[in-house]
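Input: a single structure, listed below in structure tokens.
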Amino acid sequence: MQIGVPAEIYPGEARVAATPETVKKLVAGGRHSVIVQAGAGEGAAIRDSDYEAAGARIVPTAADAYQADIVLK
């Protein structure tokens, strides 16, 4: 199952729906894949490379993240 994480759009919102630690748990065992919108973690000081290191794939737009089977928001 593919899980998508788009960036929050509310002005000043620093939270993100998943952390790299969450991504690690979701992809463990190979049953799920995670896609994260580029820059989604910026407000929480989480870099795209942190998500990639945890096993997520970075996608350029929110529309790409919304193509997942489940969206975390």
Between Asp69 and Tyr10, 0.36 nm times their residue separation minus their Cα-Cα distance comes to what?
18.9 nm
Using the Cα centre of the chain as origin and beta-carbon charges of +1 (Lys, Arg) and -1 (Asp, Glu), tell me which of His32, Ala68, Ile3 is placed farthest towards the positive end of the dipole.
His32
Given a 1.4 angstrom probe, I'd like the percentage of the accessible area of the chain that is carbon and sulfur, rounded to a whole number.
53 percent
Taking only the alpha-carbon positions of the chain and ignoring solvent, what does the Debye formula give for the base-10 log of I(q)/I(0) at q = 0.19 Å⁻¹?
-0.64
Approximate spin-label separation Lys25-Arg57, in nm, with each point projected 7 Å along Cα-to-Cβ:
2.4 nm
Measuring with a 1.4 Å probe in the full set of protein chains, what accessible area per residue, in whole Å², belongs to the chain?
59 Å²
Please get the size of the charge dipole for the chain, origin at its Cα centre, with Cβ charges of +1 on Lys and Arg and -1 on Asp and Glu, quoted in debye to the nearest 20.
240 debye
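The values are calculated or read from the model by the stated rules, or taken from the named source; none is laboratory data. Remember, predicted model here, so these are calculated numbers, not experimental data. Positions of Cβ are backbone-derived with ideal geometry, glycine not excepted, and every protein chain shown enters the neighbour counts. We work out accessible area using only protein heavy atoms, side chains counted, and drop any ligands, DNA or RNA first. Shrake-Rupley method; radii C 1.70, N 1.55, O 1.52, S 1.80 Å.
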